[in-house]
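Asks: This is the structure, below, for whatever I ask next.
Nothing in this text is a laboratory measurement; each read-out follows from the coordinates by a stated rule. If you're wondering where the values come from, they're calculated on a predicted model, not measured in any experiment. Don't worry about glycine lacking a Cβ; one is built from the backbone with ideal geometry, like all the others, and counts go over all protein chains shown.
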């Protein structure tokens, strides 16, 4: 008697190169969609919430804890009076960085001393900033590790956000605009931290190109499946890869959990290009129509995690 066991999570059962599954009372071959559905199954383990038994408060950087406390109280001003009586342990529990006084992967990642990064192994807490010329040749680079609540600012300071001057219609007075909106840089970098798959042991890359491109990359499957779905959706994602880390970063004002960040990125870029004769509501309506029109006409196409210009554009 031959018995086919239940498939391990994320791994379809194969026999002699073919994948099989139950079809009612029978056993049948899996189609491509069914195989991918099994492969896309996720475990319920949250890496960011895992406790590190050997780690203590001494493995966290005091300056990082103070920076986190400041951001937490800005986000939650109703705790200002009560927080005067909180010690470090109480604060870290309240901010959902630690669990019952125990140090988590999230705590080391955001607040840990540089020498404490070994607790995360084989995961890393590295962000690499790389400057490339127009030919793609590296000209400069620097690596940053935990505490990321402080070192993300250092990454930002490495990015050369040049100012451009232009003359609006009907005026002789130039206006200055930055090459990159600081909000978009912040969202891109912090979302890479929040949604990285740390079990893969990779790092986050920030690649700055002298021709005016800024590329953020991290490791992990893109949960929403496509950028098109993210931009067009009016609802936040139903699940996140690192829910404990995401919650902590929301509490520290590092990310926005309602899911509007990526959509706002596109809106802010396009809003800046519209003439000032339109009011804000007219501009937002035009942005929505422009995105839909560009996609329908094939001028922009979703490719991985970014929008790409079509060859016809």
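Asks: Can you sort 58, 256 so the residue with the fewest Cβ neighbours within 10 Å comes first?
Replies: Final ranking by Cβ density, sparse to dense: 58, 256.
Asks: Given a Förster distance of 51 Å, report the FRET efficiency between residue 88 and residue 209 from their Cβ-Cβ distance, rounded to the nearest 0.05.
Replies: 0.75
Asks: Also, I was wondering about something else. What order do you get for 206, 250, 177 when you list them from fewest to most C-beta neighbours inside 10 Å?
Replies: In order of increasing Cβ crowding within 10 Å: 177, 250, 206.
Asks: Return the distance in nm (one decimal) between the two label points of a simple spin-label model at residue 20 and residue 34, each offset 7 Å from Cα along Cα→Cβ.
Replies: About 1.2 nm separates the two model spin labels.
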